[in-house]
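Chemist: Have a look at this one before I ask anything.
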Amino acid sequence: MRLCFLLLTVNAWAANVDLIVTGRYVVTMDGARRVIENGALAIQGAQLLDVGPAAEITRKHVARQRIDRPRSILTPGLVNTHGHAPMVLFRGIADDLNLQDWLEKFIFPAEARNVNAEFVRWGTRLALWEMIRSGTTAYADMYYFEEVIAEETRRAGMRGVLGQSVIRFPVPDAKTPTEGLARTERFLQQFRNDPLIVAAVAPHAPYTNDDATLRACRALANKYQAPLLIHLSETKRENDDSLKEFKMTPAARLAKLGMFDGRTLAAHGVWLTDEDLRILAAKGVGVAHNPSSNMKLSSGIAPVLKMLPLKIAVGLGTDGPAGSNNDLNLFEEMDLAAKLQKVTSRDPRSLSAEQTLAMATIEGARALGLSGKTGSLEAGKEADWIAIDIDGPHAQPMFNVYSQIVYALKASDVRDVMVRGKLLMNDRRMLTLDTAAIATKVAEYQASILASLKKDRK
């Protein structure tokens, strides 16, 4: 009788984790930057219970399920710190323009004619499909009908820091800033304490909001202890106009208004002065660096190499996929981010592959206030990881795993994606999205958008 009890106890103790995942390498992005050859993750529920050599993990734990990826690298899920997800339905609508012409002559008119809640729903689904397929597990967004974006993000199992836009002129979901603020407060209440969604306040930019609205946005964010997302110093024109009108840079103006007195993520930061950078560092403001967008719109090159020594949390972003970039591919952003800093500094040692991967993972999570949950593979964090295949010819040989990820591997090499212990893609098969339905609906929207453009041209 005593022996039977002992055996039952041992068996119950033995199956102590839900899943063990093994890989050729585990790139943890933890504080020690451990890279574990022949490593493994032990996952219980939504959490990473243990991370270490596969032999050690399998000795310590017995799993109900295993995923073995002997020809893959396991890394934290990628973090996209800036975007406008539903704009994917406008992909390629207008290219090769500067920011103001692109926005004022094409994007704002197209949005006025086409954007409603259902447009946002299907655009978000398409964006989620693209992001999951390319290894992104968390993203920041600012757009309209943000509650719809949050619903679809949660349904797909993705993690999002999602900001309801506030802007001074009529937009698809609010005719006035007052209406936009009221909608934002409802959004903050609806998704408070959600395990996947962090609701945020998103005044579009200093140049699209007056002082009173900007202050109201900060007060609302602080009332709910929510982050504030804002475009900042994206173009030289923006800075020049601010200096002319307010006698100070956009960052200095925002600081004077108290806009950085709370959790803040500033997107772009291309034209930040040294004094602006000191302000952001002192206030703990995160920065979303968008190399593709800044290059494509000819906005300039963000001073990332000045930000990092100041301990500013700098993440990578794709920006909106409607002409300022055209895709949501963080592998591409990593490659460009590293090379762009090298060419502007004329120093090939600038922004190493390891630093760049950190920007796409743990530093991006830190910029979004998520580093306690995601961004690295460590016991106690949530189980957000991806498996990247290394079977392709472009992946061989491998001498340095960071170099391979940043400079050689592609979004198409991503094989598995998990968020909070739930598989969103397994063996390149999407598990939480109906991709056939999305493709059909996207074709319908393409036709209706083309029809609206013809009306605009008449």
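The values are calculated or read from the model by the stated rules, or taken from the named source; none is laboratory data. The structure displayed is predicted, hence computed values, not measured ones. Note that we place each Cβ from the backbone using ideal geometry, even for glycine, and neighbour counts take in every protein chain shown.
Chemist: Residues 104, 111: which one is over 27 Å from residue 427 (Cα atoms), surrounded by 15 or more Cβ atoms within 10 Å (Cβ to Cβ) and among the charged types (D, E, K, R)?
Modeler: 111
Chemist: When you check residue 433 against the structure, is it touching a Phe, Trp or Tyr at 6+ places or on another chain (Cβ under 6 Å) and surrounded by 17 or more Cβ atoms within 10 Å (Cβ to Cβ), yes or no?
Modeler: yes
Chemist: Can you tell me how many residues within segment 29-47 are surrounded by 15 or more Cβ atoms within 10 Å (Cβ to Cβ) and on the phi < 0 side of the Ramachandran plot?
Modeler: Summing the residues that are surrounded by 15 or more Cβ atoms within 10 Å (Cβ to Cβ) and on the phi < 0 side of the Ramachandran plot in segment 29-47 gives 12.
Chemist: Going by the structure shown, is residue 50 touching a residue at least 40 places away in the same chain (Cβ under 8 Å), touching a helix residue (DSSP H, G or I) at 6+ places or on another chain (Cβ under 8 Å), surrounded by fewer than 23 Cβ atoms within 10 Å (Cβ to Cβ) and assigned to a strand (DSSP E or B)?
Modeler: Yes.
Chemist: List every residue pair whose Cβ atoms lie under 6 Å apart, where the two residues are 6 or more positions apart in sequence or sit on different chains, the first residue falls within segment 421-436 and is closer than 18 Å to residue 48 by Cβ and touching a residue at least 24 places away in the same chain (Cβ under 8 Å), and the second residue, located anywhere, is part of a loop (DSSP other than H, G, I, E, B) and among the β-branched types (Val, Ile, Thr).
Modeler: Once the first residue is closer than 18 Å to residue 48 by Cβ and touching a residue at least 24 places away in the same chain (Cβ under 8 Å) and sits in segment 421-436, its partners that are part of a loop (DSSP other than H, G, I, E, B) and among the β-branched types (Val, Ile, Thr) give 424/432.
Chemist: Which numbered condition trips up residue 405, out of (1) buried (at least 24 other Cβ atoms within 10 Å of the Cβ); (2) among the hydrophobic types (A, V, I, L, M, F, W, C); (3) assigned by TED's automatic domain parsing to the domain that holds residue 268?
Modeler: It fails just one condition, (3).
Chemist: Here's a follow-up. Collect the residues in segment 417-458 that are of a type in the set (A, V, I, L, M, F, W, C) and part of a strand (DSSP E or B), keeping them in residue-number order.
Modeler: 417, 418, 419, 423, 424, 425, 430
Chemist: Being in contact with a Phe, Trp or Tyr (Cβ under 7 Å, 6 or more places away or on another chain) and either more than 24 Å from residue 121 (Cα to Cα) or not hydrophobic (A, V, I, L, M, F, W, C) (or both), is that true of even one residue in segment 203-223?
Modeler: No, because not a single residue in segment 203-223 is in contact with a Phe, Trp or Tyr (Cβ under 7 Å, 6 or more places away or on another chain) and either more than 24 Å from residue 121 (Cα to Cα) or not hydrophobic (A, V, I, L, M, F, W, C) (or both).
Chemist: Scanning for something assigned to a loop (DSSP other than H, G, I, E, B), closer than 23 Å to residue 155 by Cα and at pLDDT 95 or above, does segment 382-391 turn up at least one residue?
Modeler: Among the residues of segment 382-391, at least one is assigned to a loop (DSSP other than H, G, I, E, B), closer than 23 Å to residue 155 by Cα and at pLDDT 95 or above, which makes the answer yes.
Chemist: Another question, if that's okay. Contact list please: Cβ distance under 8 Å, first residue in segment 388-402 and within 10 Å of residue 72 (Cα to Cα), second residue part of a loop (DSSP other than H, G, I, E, B) and of a type in the set (S, T, N, Q), pairs at least six apart or on different chains.
Modeler: 390/396
Chemist: Identify, by number, the condition in (1) assigned to a helix (DSSP H, G or I); (2) within 22 Å of residue 294 (Cα to Cα); (3) of a type outside the set (D, E, K, R) that residue 229 doesn't meet.
Modeler: Only one criterion is unmet by residue 229, namely (1).
Chemist: List, please: which pairs have Cβ atoms under 7 Å, are six or more places apart or on different chains, and start with a residue in segment 67-85 that is under 30 Å from residue 119 (Cβ atoms) and end with one that is modelled with pLDDT under 95 and in a loop (DSSP other than H, G, I, E, B)?
Modeler: Here the result reads 83/320; 84/320, each pair linking segment 67-85 to a residue that is modelled with pLDDT under 95 and in a loop (DSSP other than H, G, I, E, B).
Chemist: Shifting gears a bit: Assuming residue 116 fulfils every condition listed in (1) within 27 Å of residue 420 (Cα to Cα); (2) out of contact with any helix residue (DSSP H, G or I) (no Cβ under 9 Å at 6 or more places or on another chain) apart from one, which condition is it?
Modeler: Result: residue 116 fails condition (1) only.
Chemist: Would you point out which residue out of 75, 124 is of a type outside the set (Asp, Glu) and part of a helix (DSSP H, G or I)?
Modeler: Result of the check over 75, 124: 124.
Chemist: Which one of these is in contact with a Phe, Trp or Tyr (Cβ under 9 Å, 6 or more places away or on another chain), of a type outside the set (D, E, K, R) and at pLDDT 95 or above: 57, 93, 36, 67?
Modeler: Only one candidate passes the filter, namely 36.
Chemist: To continue, here is another question. Taking segment 78-104 on its own, how many of its residues are assigned to a loop (DSSP other than H, G, I, E, B) and out of contact with any strand residue (DSSP E or B) (no Cβ under 7 Å at 6 or more places or on another chain)?
Modeler: 8
Chemist: Residues that are of a type in the set (S, T, N, Q) and at pLDDT 95 or above: does segment 162-175 have at least one?
Modeler: yes
Chemist: Another question about this same structure. When you scan segment 265-272, do you find a residue that is in the same structural domain as residue 88 (by TED's automatic domain parsing), farther than 18 Å from residue 99 by Cβ, without any contact (Cβ under 8 Å) to a residue 60 or more places away in the chain and among the aromatic types (Phe, Trp, Tyr), even just one?
Modeler: No: zero hits.
Chemist: Pick from 145, 119: which is out of contact with any Asp or Glu (no Cβ under 8 Å at 6 or more places or on another chain) and either hydrophobic (A, V, I, L, M, F, W, C) or modelled with pLDDT under 95 (or both)?
Modeler: 119
Chemist: For the condition under 22 Å from the mean Cα position of the chain (by Cα), under 29 Å from residue 87 (Cα atoms) and at pLDDT below 95, what is the one hit in 323, 317, 269?
Modeler: Only one candidate qualifies: 323.
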